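The values are calculated or read from the model by the stated rules, or taken from the named source; none is laboratory data. Model, not experiment: these values are computed from the prediction. When we count neighbours, we look across all protein chains shown, and the Cβ atoms used for this are built from the backbone with ideal geometry, even at glycine. Areas reflect the complete protein model, heavy atoms only, side chains present, ligands, DNA and RNA absent. Shrake-Rupley method; radii C 1.70, N 1.55, O 1.52, S 1.80 Å.
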Amino acid sequence: MHPVIYSLAFFVAAGSLFAADPGSPRGDAPVAEDDRLEVFAHPVADPDMHPTFAAVGRQLQSHDVLRSSFEQRKQIKAITRPLVSTGRLIFTREHGLYWHLRAPFSTTFVILPDGLIRSFDGEEAESVRTTDQPVIRKFARIFFDVFSGDPTYLKQHFSLYFTGDVDNWVIGLEPRDRAVRQVISRLLLDGSQTVDRVEMIETNGDTTVITFRNPETVAEPLTAKERQYFE
Amino acid sequence: MSKTGTRRFVFWSILVVLQFGILCRQIDHGIAIETNVLSLLPATEQDPLVEAALQSLTAQVSRSSIFLVGYPDAATAAEAAIAFAAGLRASGEFINIRCEVSADTERAFFEHYFPYRYQFLSSSSRALLAAPDGGRALVQASERSLYTPFSAMYTPILERDPLLLFPAFVQSFPRLASRAFVSNGVLMTEENGVLYGMVTAESLGSPFARTDQHRITAAIDGVRSAVQATHQGITLLESGAIRFAKAGSDVMQREISLISTGSMIGVLVLMLFVFRSPVQLLMGMLPILIGCLYAFTISCMIFPEIHLLTLVFGASLIGVCIDYSFHYLCEHFLGSRDDAEWTVLRKIFSGITLGAITSAMGYIGFVFAPFPGLRQIAVFSAIGLIGAYVTVVFWYPFLLRNAVPRPSRLPDVARRALALVDGLRRNRRWWILAVPAAIFTTVGLLRLNTNDDIRQLQHLPAHLMDDERRVRELAGRIDSGRFFLVRGENDEAVLQKEEALLARLNVLQEDGALAVAFGITNVAPSRKLQQQDHDLLRRQLVESGALDAYVSKLGFTAEVAQQTRDAIVSPLHRHLSVEAWLASPVSTGLRHLWIQRDNGEAASLVILGGIRDPGRLEELESNVEGVHYIDKVEDISQLLGRYRHHASGLVAVSYAAIFLLLIVRYRPLRAIAVMAPPLVAAVVALATSGIVGAGLNLFGVLALMLVLGIGIDYSIFFAETRTGREITMLAIAMSALTTILSFGLLASSRTPVLRSFGMTVLVGIALAFLLAPLVTGAFRADDMSDSSNGSSLNETG
């Protein structure tokens, strides 16, 4: 058998070669405020045994369809200004996550529940590219899990942390998979009825903050056009 | 007892003792038993480079095994796979055990390739840049990547690779297991919700050496049960040559014991029945044992290794070796003893001598086939026969000097049988039987087809084939028998030609004619290609201004922008080389793709997988210069076909040579009569293979040679008998029974080729035995003087 296949692993692991000490994110990056990071002092061994966490999980899972606008702000070491993008998302537990980027250009990603990604350039679903790169699928799957807020899924891929109450909480996630951990050191989710903000702290100190605006959790069925993206 | 008799006995005794000493020394040094069917075959290629390539690939592939450790949950599957790998490592039977994807593996890959990101592009980047506005397309794709929700995968190396060429390189890096991914630090594949951790290993010992085989499979079984005990409910799949090799040898070994014990028991029962004395039993065993002693020790002296198949054939020799003893013992104990001391030997000497010569000639024919395996079988068998013959001639008169004949009713039975045969011959009504026989033969011969498939030489158990197929589906495995060999004047020429070939193969892949094509240039490209890639980047990114636009739009730091520009603009002074690749850990398990011979000649292999249209691959051989397409199975099958033709010619020559020998001894018509039974028997045996639909192959032709070599003995014995035909009849009946038993047991073999071989000999010998008294009975003992009695021949039709 051939080791060529191992190179796949590198795709993720390249990060580790450049990584700064994972414990000390760089000072100039907009790091989560200290009180949020404090969540990592409160591990949750079993989400079912943690009444508040379990309640938040139920709350997050109570809606089948979530629509929201978002702003993604990435702070990368090699680039002097943050990369800001905005768009709109639709999350359905059944079909997947529809992630439509409006600015700086129009691109759509659809993450299916099994981690398969489809991407479309522009609004039209004409140029479909399906990626089944296993590593990307793994990332996509994590992304999906974070949105679903399902504690059983989360427990599989992450060590869990929790502080706050049902109306104002912070969930901390630490990836279990070595390959993922080499790129992402921690994830912070905070919110109330829904997730308001996701912060990803990368191993080399880069950060990505996604803020959700005007979330709608009405169980409004997908429009014909929206449905088309998932099919 | 005459002095000569004693002297002969002592002489042969000394030789036997010496030979036994040689056997003891050989056993002491260890006897190498080879089981690889391919080692029986001659080299397919005259070209040493091609042969070297074939050997290097076969050695690599035959020693490697893939294990899949399955469980519905990734963490458990990974843990069990790691435990499995650790078990293999601890057994000491394996090297190059791979399971965990360690940080070292990744670092080695990165360190080897990352410095060359501006001269070894991914196929996707290359395709993008080849378009007219390729530079802009590439930076646009990079920009989009940075805005994706998953950009965290790329950003860690952004400072040193702002164009994200390296992630693209890794992403389209050719791999043989397209469905594999890394999870929990282990390479995995998934099917129906079960995750399989992959473990690959190469055995230290040869999977075809009998002793290594036992050790290796015992080690694997040990690890399997240990891991199954600690990880309940896991599924284990395995693929590799070792299991097939072991299964094949086990079957052969079982068959050797079956054939040899079966034949021995047959011989013992028959002798007890006829002679009713344990002393005669021992007498009967002696020639067999000494024949085998000589066959084995001399073969060991001539050949470096004894093949298991030789021993399977050898086991069937028991039934032939005993023939000389039967003749002697029958004559001695049951014949009329009114003559002087040496009568017995003198009576049968000419018969068994001619018989031994013709039988040995039947085998010696194989020696001239340039076929290592056949030569060994021939030498083994011929020496065994001669050993048994000499033992009868040199030992029996001395050993049996005081043995008293014992009366028996059996000669009477034989006499009655002969009378029946004579009656049949005289009574023309029975000749009507010739009509269905002729129809059977004609139909059989018309239906006869050929089948030279090498796979008939090996018994392939269905459950192993299933496992193999499943692993192949899950892990993707290359075809070890079909590949391309690329050669050129120097390293660079080889690499350039291979690139040209791979470009053609990629087209075939897109057409679905082929699933995998992998060569060294996929991982270590030619200098020419590196320069082309570098020029392409300079033209499309720097000269077109696409790079500047990109760095300023996204806001890369001035330092990063400058470094990138410099790297693309400055001329290349370092290249990825084959030497560096060979020296790096990244080439582990792939080094056999490069063949460097002592005389400086180099070549590379392009390995293939999932071939659906072999015809289109063959076409490439003539379309791309310096490229050879090699299909081992096809080559060997063709070779077997060619040798089948040669052997057919050889059979004809043997028949002619034996016929000449008979003409010298008898007159022509009589020689024809002696020749007729085995000849007719051979034709009917051939027709039988046609009827049962066993395709004729080289081994079938050789079986015909044996039918002649052994079958002619029966008519010779009759022809040489002056008085007491009933004793000859009895001895021949015993010979034929044991021979039929031996080859009948061979016909029960699970190896297809042995089965058809055994069946052909079985049918042929049975018929030769039945026909011999019928035809040669025409020659009355008193006819000997004027034997050219044409009418008796006409009578036999």
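Side notes on the structure shown:
- For B:ILE82, the accessible area of its heavy atoms, probed at 1.4 Å with every protein chain present, is near 60 square angstrom.
- Cα centroid separation - the range A:44-68 against the range B:422-440, whole Å: 95
- Taken along the Cα-to-beta-carbon direction at a fixed 7 Å, the label points for B:ALA462 and B:VAL269 span 3.1 nm.
- Residues of the range A:73-88 buried by at least 30 Å² on assembly (accessible area, 1.4 Å probe, chain alone as reference): A:LYS74, A:ILE76, A:LYS77, A:ALA78, A:ILE79, A:THR80, A:ARG81, A:LEU83
- Taken as Cα centroids, the range B:448-481 and the range B:701-752 sit 37 Å apart, rounded to the nearest whole angstrom.
- Amide H partners (placed H, <5 Å) of A:GLY191, local residues excluded: A:TRP169, A:ASP196
- If you plug the beta carbon distance of B:ASP221 and B:GLN26 into 1/(1 + (r/R0)^6) with R0 = 30 Å, you get a FRET efficiency near 0.45.
- Rounded to 5, the percent of DSSP beta bridges in chain B classed as antiparallel: 95
- Mean-position separation - Cα centroids, the range A:174-192 and the range B:583-639, in angstrom: 46
- Debye log10 I(q)/I(0) for chain B, one point scatterer per Cα, at q = 0.05 Å⁻¹: -0.40
- Farthest towards the positive end of the charge dipole of the protein assembly as shown, among the residues B:ILE95, B:LEU41, B:THR4, is the Cα of B:THR4, using unit charges on the Cβ of Lys, Arg, Asp and Glu.
- A:SER185 long-range amide H proximity, modeled H, under 5 Å: A:ILE201, A:GLU202, A:THR203
- Listed peptides B:456-469, A:69-82, B:745-758 appear in the order B:745-758, A:69-82, B:456-469 once ranked by packing, highest mean of other Cβ atoms within 10 Å at the front.
- All Cα-Cα separations within the range A:145-218 were binned at 10 Å from zero, giving a P(r) of 19, 52, 26, 3, each value a whole percent of the pairs.
- Per the accessible-area calculation with a 1.4 Å probe, the total area buried between chain A and chain B rounds to 5200 Å².
- Shown in residue order for the range B:525-532 are the 3J(HN,Hα) couplings computed by the Karplus curve 6.51 cos²θ - 1.76 cosθ + 1.60 at θ = phi - 60°: x, 5, 4, 4, 5, 4, 5, 4 Hz (x for Gly and Pro).
- Positive minus negative residues near B:GLY600 (Lys, Arg vs Asp, Glu; Cβ under 13 Å): -2
- Cross-link pairs exceeding 31 Å between alpha carbons, from the set B:LYS246/B:LYS497; A:LYS74/A:LYS155; B:LYS3/B:LYS347: B:LYS246/B:LYS497.
- Here the accessible area of the range B:27-104 is 53 percent carbon and sulfur, with a 1.4 angstrom probe and all protein chains present.
- Close amide H pairs (under 5 Å, H built 1.01 Å from N) link A:VAL44 with A:LEU160, A:TYR161, A:PHE162, residues at least 5 positions away or on another chain.
- Note that the range B:89-155 presents 39 Å² accessible area per residue, ligands and nucleic acids not counted, probe 1.4 Å.
- Semi-axes of the equivalent ellipsoid of the range B:230-278 are 45, 13, 5 Å, computed as sqrt(5λ) over the eigenvalues of the C-alpha gyration tensor in descending order.
- Peptide B:140-148 - average C-beta neighbours from other chains (10 Å radius): 4
- Across q = 0.05, 0.08 Å⁻¹, the protein assembly as shown modelled as identical point scatterers on its alpha-carbon atoms has Debye log10 I(q)/I(0) values of -0.49, -0.87, in the order of the q list.
- Total formal charge among the other residues, if their Cβ is under 15 angstrom from that of A:GLU174, Lys/Arg +1 and Asp/Glu -1: +1
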